[in-house]
Each structure stands twice: as C-alpha cells, then as structure tokens.
1. Kindly indicate the residue of region A:75-97 that is buried (at least 21 other Cβ atoms within 10 Å of the Cβ) and touching a helix residue (DSSP H, G or I) at 6+ places or on another chain (Cβ under 8 Å) and also farthest from the other protein chains (Cβ to nearest Cβ) among those meeting that condition.
2. Would you point out which residue out of B:75, B:54 is under 30 Å from residue A:51 (Cβ atoms) and of a type in the set (Asp, Glu)?
3. Take the residues in region B:60-115 that are aromatic (Phe, Trp, Tyr) and in a strand (DSSP E or B), then tell me which one is farthest from the other protein chains (Cβ to nearest Cβ).
4. Considering B:43, B:90, which residue is in contact with a Gly (Cβ under 7 Å, 6 or more places away or on another chain) and crowded, with 20+ Cβ neighbours inside 10 Å?
5. Which members of region A:20-30 meet the condition of being aliphatic (A, V, I, L, M), part of a strand (DSSP E or B) and crowded, with 16+ Cβ neighbours inside 10 Å?
6. Taking region A:23-45 as the region of interest, how many residues are over 13 Å from residue A:101 (Cα atoms) and within 10 Å of the chain's Cα centre (by Cα)?
7. Look through B:31, B:74 and report the one residue that is modelled with pLDDT of 95 or more and either in contact with a Gly (Cβ under 7 Å, 6 or more places away or on another chain) or surrounded by fewer than 19 Cβ atoms within 10 Å (Cβ to Cβ) (or both).
8. Among (1) under 17 Å from residue B:99 (Cα atoms); (2) aromatic (Phe, Trp, Tyr); (3) at pLDDT 95 or above, where does residue B:69 come up short?
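The values are calculated or read from the model by the stated rules, or taken from the named source; none is laboratory data. Treat the numbers as computed from the prediction; the structure is a model and nothing was measured. All Cβ positions, even for glycine, are placed from backbone atoms using ideal geometry, and neighbour counts span all protein chains on display.
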Amino acid sequence: KQEVTQIPAALSVPEGENLVLNCSFTDSAIYNLQWFRQDPGKGLTSLLLIQSSQREQTSGRLNASLDKSSGRSTLYIAASQPGDSATYLCAVPSGASKIIFGSGTRLSIRP
Amino acid sequence: EAGVTQSPTHLIKTRGQQATLRCSPISGHTSVYWYQQALGLGLQFLLWYDEGEERNRGNFPPRFSGRQFPNYSSELNVNALELEDSALYLCASSLGTGGPYNEQFFGPGTRLTVL
C-alpha cells in the first residue's frame, strides 16, 4: 500500500533563502509524481509533474527532483519570496485508479 | 484556456439535508475526480468519473454519490448530511483514459458547512 510522507509539516524561513521540501513514498514503482501548491482555503495549483523516467523538472525558481530507488522527491525553491508562502503537497498515483497525497508542508516566508 | 470551475463557492446546510456540488472540467478533459479536504485530515480521494462512468470510489459511505454528464461536467451529491461532512470539496480534471497517471488540474473548491 502506497504511503506518502512530507517532512517537515511546517517551515519558516527569511525571504531570499533557498529551501528544500521533502516528499517520501513507500512504493518505488511509481508512474509519476506531482507537486502542488495550495493557498489557504483555495484549490490546488499544479507546479511540476515528474515522470518516472525523469530525474528532475524545472519551472522558473522551482526545481523538482525524483529518486525512485530511495523513494524520495525534493522540491527546491530558489530565492524565496513572501508570495511563496503556501502549503506544498506532493502526490503519486496509487494503482490505476487514484492519487495519494502527502499531508503537505506549510511554508512561511518572512519578509 | 478556462480552468476547472466549481459551484457554488460556499454552501451552508443543516444536518440531514442534501448537498449538490458541481464541477466543469477543462475543455477536452474527460476524467473528473472529487476529493474531500476536512480540517486536519488532508486530501481524501472520493470519486473518479471518466467517459460518464464511475471508475473508482474512495472509502466513503454510499451517502456520497455523483455522476458525470455527456459534456463531462460532474455533480457530487451528499445525502443525509452530518456535521463531519463539513470540508472543502475539490474537483480535478485530466485528459484521457490514463486516469490518475495523467496530470491533474484542480478547481477552486466548494466550502461545505454543515450546521
């Protein structure tokens, strides 16, 4: 049974710092992994999707890496800004019928 | 390109009533997913519809049901509402029959409050 874990649950850093968010999954036979951002009380915004054959994906200041063998993905945010404050979730397909989400990391960027 | 839309934004009901939530997927997407996000419980998979058929449902009672229309929009119905049904209900859509293997795009959600 696939389980997805995100540590830490919350993170507060000063503006301008580079930071890394972690996502771990128990079943390494994943098809892809998706990172999302969620602002309080809002829907999810898709940030990056990494296919199992890829090692990393980049979009602007965001870079996501995937290491299937170790069951880990990281989301790197460069030069953090107050507008990056949100909850970040990772998700992987489980079987062929649903997606399993991590519990998220709540990120706060201090001006 | 218009994103996933959901209505209403907020819904307030009392215990025992029925709630109907609506979702319109991105144009060209045939799969629609419903999730419940209750406070402190994370995102829980509810239902997956594709091409008008229910493909899978999560661990929720039969009070939670839905359907998908020929234009691929979808409706989630919750009968006999209970206080613990209060949550943010999120809809997502994706392309094709790959189901959850395809990238999912989410709507803004419907906040259901049961009094």
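1. So, considering only residues that are buried (at least 21 other Cβ atoms within 10 Å of the Cβ) and touching a helix residue (DSSP H, G or I) at 6+ places or on another chain (Cβ under 8 Å), the one farthest from the other protein chains (Cβ to nearest Cβ) is A:77.
2. Numbers: B:75 fails: under 30 Å from residue A:51 (Cβ atoms).
Answer to the check: B:54.
3. Initial filter on region B:60-115 (aromatic (Phe, Trp, Tyr)): B:60, B:64, B:69, B:72, B:89, B:101, B:105-106.
This time we only want the ones that are in a strand (DSSP E or B), so: B:64, B:89, B:105-106.
On the way: B:64: 14, B:89: 10, B:105: 6, B:106: 4 Å.
This residue is B:64.
4. Details: B:43 fails: in contact with a Gly (Cβ under 7 Å, 6 or more places away or on another chain).
Being in contact with a Gly (Cβ under 7 Å, 6 or more places away or on another chain) and crowded, with 20+ Cβ neighbours inside 10 Å holds for just one of B:43, B:90, which is B:90.
5. Applying the first criterion (aliphatic (A, V, I, L, M)) to region A:20-30 yields A:20-21, A:29-30.
Still in the running and part of a strand (DSSP E or B): A:20-21.
If the condition is that a residue be aliphatic (A, V, I, L, M), part of a strand (DSSP E or B) and crowded, with 16+ Cβ neighbours inside 10 Å, then A:21 is the only one that fits.
6. Qualifying residue count, region A:23-45: 0.
7. Details: B:31 fails: modelled with pLDDT of 95 or more.
Selected residue: B:74, the only one of B:31, B:74 that is modelled with pLDDT of 95 or more and either in contact with a Gly (Cβ under 7 Å, 6 or more places away or on another chain) or surrounded by fewer than 19 Cβ atoms within 10 Å (Cβ to Cβ) (or both).
8. Evaluating residue B:69 over (1) under 17 Å from residue B:99 (Cα atoms); (2) aromatic (Phe, Trp, Tyr); (3) at pLDDT 95 or above leaves (1) as the failure.
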